[in-house]
Amino acid sequence: MLDIAFIRQNPDLVQAAVTNKRQELSVSDLLAVDKERREGIASIDAKRARKNQLAALVPKASKEERPALIEEAKAVRTELEALEPKMTELQKRFDDMMLRVPSLPRPEVPIGKGEEDNVELRKVGTPRTFSFTPKDHVDLVTGLGLANWDGPRKFAGGRSYALTGMGAILEMAVTRLAIDMLVERGLTPVIPPVIVRERALVGTGFFPLGREEAYAIPADDLYLVGTSEVALVSLHADDILDPASLPIRYCGMSPCFRREAGASGKDTKGLYRVHQFTKVEQVVFCVPDEEVAEKEHYTLLGNAEAILAKLEIPYRVAIACTGEIGLGQTRKHEVESWMPGRNAYAETHSCSTLGDFQARRSNIRFRKEDGTLAFPFTLNNTAIASPRILIPLLENHQNEDGSVTLPKALVPYMNGVEVLRPKA
RNA sequence: GGAGGAGUGGCCGAGUGGUCUAAGGCAGCGGUUUUGAAAACCGCCGUAUCGCAAGGUACCGGGAGUUCGAAUCUCUCCUCCUCCGCCA
C-alpha cells in the first residue's frame, strides 16, 4: 500500500511499478474511484453537518417550530440512508484497489520478467569437486535414516515427511545455531503464534493476492502462516512505537505452512518443497530512511551469509529483478546454496526491504522527534529454513561411503556427533 | 464449553438520550516568575479524512440497529478479568 496522496501526484511512477512487477492494476481507474469517493465524502459530510445542526436545534426550538425541524431532519436522514450504502460500496472498491498497489522498487533493482533477469552479485565458497559420484539428499537421508518418507505420505499426503533420529536432531541443531548467532548479534528471539487472523495476512501483504497459498481454518476463521514474518510484524499492529525503541530486531522461529498451490508436479521429491517446515526468520522495524533501511538490509543479508559460512555451504547472492519481487518489496536479494544433487544453486534465503508498505497496512507508526506520526520501514530475511537447508548441508559434506562429516560449528549442537553414518 | 463482570484520549478516570469543541487529574510541550531548579500560575496538548482557507465530517474495543439526536438504549463480534468444567 502507498499513500494515496503520493499516488495522485505520481500516477505514472506507480503504473510503471505495476507493470515492472508484473501486477495487474489500472492506476487511472484507481484515481477515478478516488475522485468519485472524495466527491461522495464531500456531499455526505455536508448532509451530516446539516443533520447535526438540526439535532442541536430541536431541543432549543419552541413547540410550534419543532415539528418542522424534525420533519426536515427525517428528510435529511432519508437522503443519507440513500447515499451511505453507495459510499460504503465505493470505499470498499477503493480499499480493494489500494491493497493491490505495489511499493516502488528501488533504483538498483534490475527491471526484468523472470528468474533469468535476476543479477548475480557474487559467489562465495567454491563448490567441491567430488572424486566419486555424489548422492542427492534423498539418497543420503534415506541411507542415514534421517527421515521417514512413506509413512507421512500415507496419512498426511504429498510433500509431507517426518524427520527421524539424527534427522530430527539435525533440524534442531541448525535452527539453534542460527538463533544463537542472531541473539549474539542483538536480535530478540520470538516464538510467535502461527495461527492468525486474516488481518495479519492482509497487514503483511500476503493477502489478498496470496490467499491460495495459505491453509485456512474456516471453523474459526483463522489461517496458518507461511512464515513467522506475519506474526513478528503484526506484533506491533496498531502500535505507536517509541522512536527510541527503533530499530526493533526480531528473530522468530516457527513452523511454516504453505499449500504450494500452482507448484503441482514441481520438486515433488525430497525435502526441497514441502507443506510444513521450520524457519528462523529475521524481522526489522526501522525509521523510514532509505539509507538506514539499506544498512539494515545488508546486515540481515550478512547474518544469513554468516550462518551459511558456519555451515560451510557455498552459495551465491543475487538481486531479484522487478518481475520476481513481491507486491510490497522494494528490494530483494536471494541467497542460493550450492546443491550438488542438482548440480546447481537453489534458493535457501530471501532478504527483503518493504519500505512502509507493511507498516501502512498494519497501522504501525512511531512518533517522530517533532511529535508527528510516521510509518516505520520493515525488512525481513531468512536466517535458516529447514529441512531445505539440510539438502546443501548433507550433499556438500557427504563422503563416498554415504556418511556425512558435519561442519565443526554444528558438532556442539549434535551432542558431539561429528559424522553421520549410514545404518548398517 | 458454561455463568458473570468490564473495555472512554499516552496513562488514570467522570459521563446512562440533547448546553454544538468528552469533565477532571497525571504525564508531555511552551510561557511567566527564579541566580538555577522545584513549586505556583497561564496557555497548548488525540487520530483520520475532505477543503486553498475558514471550517466540516468520522472515531468513546469492532460491526449493525433504534432515534430528529447515541459514549449513553438494542443486537452481534472481539479482547481482558472472575468462577465452574476440560486439558499439556
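The values are calculated or read from the model by the stated rules, or taken from the named source; none is laboratory data. A quick note: this is a predicted structure, and the numbers were derived from the prediction, not measured. Neighbour counts run over all protein chains shown; Cβ positions are idealised from the backbone, glycine included. What goes into the accessible areas is simple: the full protein's heavy atoms, side chains included, and nothing from ligands, DNA or RNA. Shrake-Rupley method; radii C 1.70, N 1.55, O 1.52, S 1.80 Å.
So, A:Asn415, is that one at positive phi, polar (S, T, N, Q) and either open to solvent by 50 Å² or more (accessible area, probe 1.4 Å) or without any contact (Cβ under 8 Å) to a residue 24 or more places away in the chain (or both) or not? Yes: the conditions hold for A:Asn415. Residues that are charged (D, E, K, R) and either buried (at least 22 other Cβ atoms within 10 Å of the Cβ) or farther than 15 Å from A:Ser350 by Cα (or both) within segment A:297-323 comprise A:Lys310, A:Glu312, listed in sequence order.
When A:Thr164 is tested against (1) touching a Pro at 6+ places or on another chain (Cβ under 8 Å); (2) closer than 20 Å to A:Phe277 by Cβ, only condition (1) is not met.
Annotation note: of A:Val183, A:Val202, the sole residue that is in contact with a helix residue (DSSP H, G or I) (Cβ under 7 Å, 6 or more places away or on another chain) and either of a type in the set (S, T, N, Q) or surrounded by fewer than 20 Cβ atoms within 10 Å (Cβ to Cβ) (or both) is A:Val202.
When segment A:75-97 is filtered for residues that are within 11 Å of RNA strand B (Cβ to nearest atom), in contact (Cβ under 8 Å) with a residue 40 or more places away in the chain and either out of contact with any Gly (no Cβ under 9 Å at 6 or more places or on another chain) or among the small types (Gly, Ala, Ser) (or both), the ones remaining, listed by number, are A:Glu84, A:Phe94.
Of the residues making up segment A:41-71, those that are more than 10 Å from RNA strand B (Cβ to nearest atom) and open to solvent by 80 Å² or more (accessible area, probe 1.4 Å) are A:Lys63, A:Glu64, A:Glu65. Is at least one residue of segment A:365-373 assigned by TED's automatic domain parsing to the domain that holds A:Thr126 and more than 16 Å from RNA strand B (Cβ to nearest atom)? Among the residues of segment A:365-373, not one is assigned by TED's automatic domain parsing to the domain that holds A:Thr126 and more than 16 Å from RNA strand B (Cβ to nearest atom), which makes the answer no.
Conditions tested, residue by residue: (1) within 7 Å of RNA strand B (Cβ to nearest atom); (2) open to solvent by 60 Å² or more (accessible area, probe 1.4 Å); (3) touching a Lys or Arg at 6+ places or on another chain (Cβ under 7 Å).
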| residue | (1), (2), (3) |
| --- | --- |
| A:Met1 | no, no, yes |
| A:Ile7 | no, no, no |
| A:Ala16 | no, no, no |
| A:Asn20 | no, no, no |
| A:Arg37 | no, no, no |
| A:Ala73 | yes, no, yes |
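Scanning segment A:234-274 for residues that are polar (S, T, N, Q), in contact (Cβ under 8 Å) with a residue 24 or more places away in the chain and within 27 Å of A:Gly341 (Cα to Cα) yields a total of 1. Taken across segment A:172-186, residues that are in contact with a Lys or Arg (Cβ under 7 Å, 6 or more places away or on another chain) and over 25 Å from A:Glu395 (Cα atoms) do occur, with at least one present. The residues in segment A:96-114 that are closer than 16 Å to A:Ser26 by Cβ and over 19 Å from the mean Cα position of the chain (by Cα) can be counted, and the count is 2.
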